[in-house]
Amino acid sequence: MTKLFTSAEAHLKARHRSEWRFRWLGRLAILFSLGFLAIMLVSITLLGKGALSRAEIALTVDLTEASTLEDVNAKKTLRNALFATFPEVTSRGEKRALLKLLSPDSGYELARQIEANPALLGQSPTLWFTASDDIDQYTKGAVDITQPENRRQLKDTTLGWVQALESRGALRSVFNTAFFTSGDSREPELAGIFSALVGSILSLTVCFALSFPLGIMAALYLEEFSKKSRWSDFIEVNINNLAAVPSIVFGLLGMAVFLNTFGLPRSSPLVGGMVLALMTLPTIIIASRAALRSVPPSIREAALGMGATGVQTTFHHVLPLALPGMLTGAIVGMARALGETAPLIMIGMVAFIVDVPNGFTDAATSLPVQIFLWADSPERGFLEKTSAAILVLLGLLIVMNLVAIVLRKKFERRF
Amino acid sequence: MAQSEITLTGRKRPLEKLIKLALFLASVLAIFVTIGIVLSMAFETWQFFQRVSVTEFLFGLEWSPQTAIRADQVGSSGSFGAVPLITGTLLISAIAMAVAAPTGLISAIYLSEYASARVRGWAKPLLEMLAGIPSVVYGFFAALVVAPFIRMTGGQLGLEVASESALAAGLVMGVMIVPLISSLSDDVLNAVPNALREASLGMGATRAETIKKVIVPAAIPGIAGSFLLAASAAIGETMIVVMAAGLAANLTANPLEAVTTVTAQIVALLTGDQEFDSAKTLSAFALGLLLFATTLMLNMIAMRIVNKYREQYD
Amino acid sequence: MSKDPIITARDVNVFYGDKQALNGISLDVPRHKVTSLIGPSGCGKSTFLRSINRMNDLVDICRVEGDIKIEGKNIYDKDVDVVALRAHVGMVFQKPNPFPKSIFENVIYGPKIHGLIKSKSDAEEIVEKSLRRAGLWKEVADRLQEPGTSLSGGQQQRLCIARAIAVQPSIILMDEPASALDPIATAVIEELIDELRAKYTIIIVTHSMQQAARVSQRTAFFHMGDLVEAGPTKELFTTPKDERTQNYISGRIG
Ligand SMILES: Nc1ncnc2c1ncn2[C@@H]1O[C@H](COP(=O)(O)OP(=O)(O)OP(=O)(O)O)[C@@H](O)[C@H]1O
Ligand SMILES: [Mg+2]
């Protein structure tokens, strides 16, 4: 009797062990997913942080002969400046290697600096120029110089020059503003996300302008005006199914209808936004209907009871109360659209876009597509650019979702 | 009534009629989109089947859509047997489901039956974050980290692993669809009436026994629905396979080899320069229609099962 | 009080968060008798009942103080295993809650998890015995594979009773077992309770004083978390000692 209700019995012990195992299995399942998430985010962050800085080389350029910008042969000036810095370099091959210390665009950088400060003309100032990718990677510690020479991009002679520059204080690392302000480039040290970002913003603008009003209208009809019938059921099933159609199918639709049938401009944010709008529409309709359903019927009754028509009741009383909820749903939908890649590839937004698109019909790309394109490039420099672009994308998504959460909290249960 | 008759005859309210019509048209747009999808793809598919027979497409074992450099070139049409693509898609989806089904279901069980409100409060949004991350990010991670890791580990075990193995793509895809299963299953488990839980616990069943023998069996239809939706998402997933699975149309069930999928081929066929009427381009639409029909069927079945289940406990 | 009670409760306080639901309840429950708990809604009857097999453990905010001893063993002791406890103290709920499985599976569920079944014939024997004892055998003997949910409400409740006794508990707790049933089904259940008394100790919560008078030998009256008085059913209904009991049974409160 003393052992009453205790777990002395072997059978009971086994049952408790199995209970314990099951509970741990649950914890492990969650830890597995979250661990994966953590590893993914941490490794992308570690890879991406390099993109925030950029190596620059100081060169003393001889502008004494020039009195206007036109007089300056930027390429030649830089070449002479390099040869002057390393007078010991004489062989042709080595001279060519020496020129590769600088990024190919450094000529423009010189012109820009003179433009910004014409007083430089007639002087021989010391200016900073973007270093090439290999040197950039070296300053970030990404080049393993203990490896034998033939197994790395950065050769010993170049390494010697770089170390010489370093000891002279002519090599520095600066914040890489270009990453945020310039478009794509073949050279990783020059590539930026700005044009892709603008492409994304343009596409999302089109997407929002189409899907938000249409989504609200459809939701209003289904919740406020349609009678429950086979027809409304059919529409509803249709909407639910569209919400689960693979995104690439929307891309095929956009290609066949918008590009080939209507002849709209390929690669344009206009078409991209239209395709995204079709994808986002079901999400917005479903969220908007939920928002409408949360408006208490007493409000409709009050308005109708005063002699307002159905349309007046809906637009004056119901819609304003449901709008914050609808907007929340729309933002969540936009966040999903922002991350979409496959349908945009289908309609040709995979182009190499250096210039910032100026309008909805210009050729453009988008942030996730840019990530896809860079991910394919072999240079190590692009690896960190890809990761950094992912971080920017994730940051935007987090901001959008936070806005949605704040909006929801703020307008929750006000009536 | 008399009063309203006066207003009725007084005003026709054409604007209201117009507004209602506009609202109606907006709601019908969804149907037009569906029809648009079907028609546009059906048209191209029909053209494709003028060039390549349906049986070759559905049962052919070889996929190598060559582009002809000259129109009169021999073998310019290539071969269009979709079987390797279908098996590749199924292989990767099966791997993804093998990861996601147990992980998602067990996570849902833990969150709904064991976790305290506090743990639930942070674990659930974090899990759902997995679904909010764009697939291009998973694709990058799969190609950059997971695939080389599997290849290296396999190498140490003496296994030959392709650099773009089905296993890597499937594994990463599996993690991505975990929240699809866990959040839907969580809803479904929460809908199981508490009375059943109490009945079982009240007889001296442990929690695990109650879950395994009462709650999960009662929720099976809903759980099955969530699995089907997740499988449909896996089949339609594009970016992960484009970036991590490659284009080798191998007919194999070995997860360590490289395979390609329907979606990856659609992207490959339609990017870059193409003449619109070539069999190669048209075949992408045939694949698209196949994909659309498959996922649509899965979704319809899933939603029907889930709705039935919901009604049962209403 | 009666000699050799099977349950002795001493100074039981139960809290839901900061709110006290039971104030120092002390009650003896005699063996092989039916004890009914009556009182106005919200007075804590279910709370008390659920502390006897520790179903209250499932409510996060619930805290129990004091002693509840079964066969002399305090069930809130650290070494008590709730799983083993609940095998001894079964429960029948207000709304019939059969598992969405066959009738057979419903009855065999408890014995199975408690490892009471060694063979298929064991299982069949337990199912038949339990269903017979619950007075349901004749009605379901030829449809054991049908789902338990396909039965009528009254049959479902008897299935739940069969399910509870299949585990061979010594005590059965019933929380308004007949409140969801029509008068005829109620009469069947009441008869069943009376028969079960021979083998089990039964505690029943009820809102019907007639029911308490018909089925129970002892009655305890609860009011706002207090145990006002307890005694032989007849005595309590004919000569209540407390004014509140008097008022309740004459219909003035509750
Ligand atoms: N899970 C819970 N959380 C918080 N308070 C509870 C909980 N369950 C019961 N209570 C409170 O404890 C008190 C007693 O409730 P109990 O359910 O025991 O009453 P009862 O006598 O069974 O009533 P009824 O006859 O209506 O079933 C009530 O005030 C109730 O609000
Ligand atoms: Mg109660």
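The values are calculated or read from the model by the stated rules, or taken from the named source; none is laboratory data. Note that this is a predicted model, so its numbers are computed, not measured. Please note: Cβ atoms are built from the backbone with ideal geometry, for glycine as well, and neighbour counts cover all protein chains shown. Accessible surface is based on the protein model in full, side chains and every heavy atom, while ligands, DNA and RNA are left aside. Shrake-Rupley method; radii C 1.70, N 1.55, O 1.52, S 1.80 Å.
Residues in the range C:120-140 that are open to solvent by less than 50 Å² (accessible area, probe 1.4 Å) and free of Cβ contacts under 8 Å to residues at least 12 places away in the same chain: C:Asp122, C:Trp137. All conditions in (1) touching a helix residue (DSSP H, G or I) at 6+ places or on another chain (Cβ under 8 Å); (2) more than 16 Å from ligand 2 (Cβ to nearest atom) hold for C:Lys69, with the sole exception of (1). Considering the range C:206-229, and only residues there that are surrounded by 23 or more Cβ atoms within 10 Å (Cβ to Cβ) and within 16 Å of ligand 1 (Cβ to nearest atom), the residue that is nearest to the other protein chains (Cβ to nearest Cβ) turns out to be C:Thr206.
Apart from one condition, B:Pro193 fits all of (1) of a type outside the set (A, V, I, L, M, F, W, C); (2) farther than 30 Å from B:Thr89 by Cα; (3) more than 14 Å from chain C (Cβ to nearest Cβ); the exception is (3).
C:Met55 passes every criterion in (1) at the interface with chain B (Cβ under 8 Å from one of its Cβ atoms); (2) open to solvent by 10 Å² or more (accessible area, probe 1.4 Å) apart from (2). Any idea how many residues of the range C:157-171 are touching a residue at least 60 places away in the same chain (Cβ under 8 Å) and either facing another protein chain (nearest Cβ under 9 Å) or buried (at least 24 other Cβ atoms within 10 Å of the Cβ) (or both)? So the answer is 8. Screening the range C:53-66 for residues that are closer than 15 Å to C:Asn13 by Cβ and outside any loop (DSSP other than H, G, I, E, B) and picking the one that is nearest to ligand 2 (Cβ to nearest atom) gives C:Asn56. When we screen B:Thr263, B:Thr281 for residues that are of a type in the set (Val, Ile, Thr) and over 30 Å from A:Val237 (Cβ atoms), the only hit is B:Thr281. The set of residues from the range C:8-41 being in a loop (DSSP other than H, G, I, E, B), within 8 Å of ligand 1 (Cβ to nearest atom) and either in contact with a strand residue (DSSP E or B) (Cβ under 8 Å, 6 or more places away or on another chain) or free of Cβ contacts under 8 Å to residues at least 60 places away in the same chain (or both) comprises C:Gly17, C:Gly39, C:Pro40.
Among the residues of the range C:32-42, the ones that are surrounded by 21 or more Cβ atoms within 10 Å (Cβ to Cβ) and either of a type in the set (S, T, N, Q) or near ligand 2 (Cβ under 9 Å from one of its atoms) (or both) come to 2 in all. Screening the range C:80-171 for helices (runs of 4 or more DSSP H) wholly inside it with 2 or more residues that are among the hydroxyl-bearing types (Ser, Thr, Tyr) returns the ranges C:120-133. Which one of these does C:Asp60 not meet: (1) open to solvent by 10 Å² or more (accessible area, probe 1.4 Å); (2) within 16 Å of ligand 1 (Cβ to nearest atom); (3) modelled with pLDDT of 90 or more; (4) under 26 Å from B:Thr210 (Cα atoms)? Among (1) open to solvent by 10 Å² or more (accessible area, probe 1.4 Å); (2) within 16 Å of ligand 1 (Cβ to nearest atom); (3) modelled with pLDDT of 90 or more; (4) under 26 Å from B:Thr210 (Cα atoms), C:Asp60 violates only (3).
Among the residues of the range B:227-280, those that are within 21 Å of the chain's Cα centre (by Cα), more than 8 Å from every other protein chain (Cβ to nearest Cβ) and hydroxyl-bearing (Ser, Thr, Tyr) comprise B:Thr260, B:Thr261. Do the conditions hold for B:Thr89, that is, is it among the polar types (S, T, N, Q), open to solvent by less than 30 Å² (accessible area, probe 1.4 Å) and either in contact with a Cys (Cβ under 9 Å, 6 or more places away or on another chain) or at the interface with another protein chain (Cβ under 9 Å from one of its Cβ atoms) (or both)? For B:Thr89, the condition - among the polar types (S, T, N, Q), open to solvent by less than 30 Å² (accessible area, probe 1.4 Å) and either in contact with a Cys (Cβ under 9 Å, 6 or more places away or on another chain) or at the interface with another protein chain (Cβ under 9 Å from one of its Cβ atoms) (or both) - is not met. Among residues of the range C:21-31 being open to solvent by less than 10 Å² (accessible area, probe 1.4 Å) and more than 13 Å from ligand 2 (Cβ to nearest atom), the one that is nearest to the other protein chains (Cβ to nearest Cβ) is C:Val29. Restricting C:Val107, C:Val83 to residues that are without any contact (Cβ under 8 Å) to a residue 24 or more places away in the chain, over 16 Å from the mean Cα position of the chain (by Cα) and away from ligand 1 (no atom under 16 Å from the Cβ) narrows the list to C:Val83.
None of B:Ala205, B:Ala195, B:Ala199 is within 30 Å of C:Leu173 (Cα to Cα) and surrounded by fewer than 24 Cβ atoms within 10 Å (Cβ to Cβ) except B:Ala195. The requirement of being of a type in the set (Gly, Ala, Ser), open to solvent by 10 Å² or more (accessible area, probe 1.4 Å) and in contact with a helix residue (DSSP H, G or I) (Cβ under 9 Å, 6 or more places away or on another chain) is satisfied by A:Gly50.
Between C:Leu49, C:Leu116, the distinction of being within 14 Å of chain B (Cβ to nearest Cβ) and either more than 16 Å from ligand 1 (Cβ to nearest atom) or open to solvent by 50 Å² or more (accessible area, probe 1.4 Å) (or both) belongs to C:Leu116 only.
The criterion of at least 2 residues that are over 30 Å from A:Gly348 (Cβ atoms) is met by the following helices (runs of 4 or more DSSP H) wholly inside the range A:231-312: A:269-293, A:297-305.
Against the conditions (1) more than 14 Å from chain B (Cβ to nearest Cβ); (2) farther than 20 Å from C:Arg54 by Cα; (3) within 13 Å of ligand 1 (Cβ to nearest atom), C:Ala180 satisfies every one except (1). Scanning the range A:110-137 for residues that are touching a Ser or Thr at 6+ places or on another chain (Cβ under 9 Å) and surrounded by 19 or more Cβ atoms within 10 Å (Cβ to Cβ) yields A:Leu110, A:Leu127, A:Phe129, A:Thr130, A:Ala131, A:Ser132, A:Asp133, A:Asp134, A:Ile135, A:Asp136.
Can you name every residue in the range A:381-400 that is away from chain B (no Cβ under 11 Å) and under 9 Å from the mean Cα position of the chain (by Cα)? Once the filter is applied, which keeps residues that are away from chain B (no Cβ under 11 Å) and under 9 Å from the mean Cα position of the chain (by Cα), the range A:381-400 yields A:Ala388, A:Val392, A:Gly395. Could you count how many residues in the range B:152-183 are among the aliphatic types (A, V, I, L, M), over 23 Å from B:Ile109 (Cα atoms) and either within 14 Å of chain A (Cβ to nearest Cβ) or in a helix (DSSP H, G or I) (or both)? Residues in the range B:152-183 being among the aliphatic types (A, V, I, L, M), over 23 Å from B:Ile109 (Cα atoms) and either within 14 Å of chain A (Cβ to nearest Cβ) or in a helix (DSSP H, G or I) (or both): 5 in total. Being open to solvent by 40 Å² or more (accessible area, probe 1.4 Å), out of contact with any Asp or Glu (no Cβ under 7 Å at 6 or more places or on another chain) and within 16 Å of ligand 2 (Cβ to nearest atom), is that true of even one residue in the range C:90-107? Scanning the range C:90-107, I find at least one residue that is open to solvent by 40 Å² or more (accessible area, probe 1.4 Å), out of contact with any Asp or Glu (no Cβ under 7 Å at 6 or more places or on another chain) and within 16 Å of ligand 2 (Cβ to nearest atom), so the answer is yes. In the range A:66-77, the condition of being among the β-branched types (Val, Ile, Thr) and open to solvent by less than 50 Å² (accessible area, probe 1.4 Å) is met by at least one residue. For the range C:86-113, filtering for residues that are facing chain B (nearest Cβ under 7 Å) and among the hydrophobic types (A, V, I, L, M, F, W, C) leaves 5.
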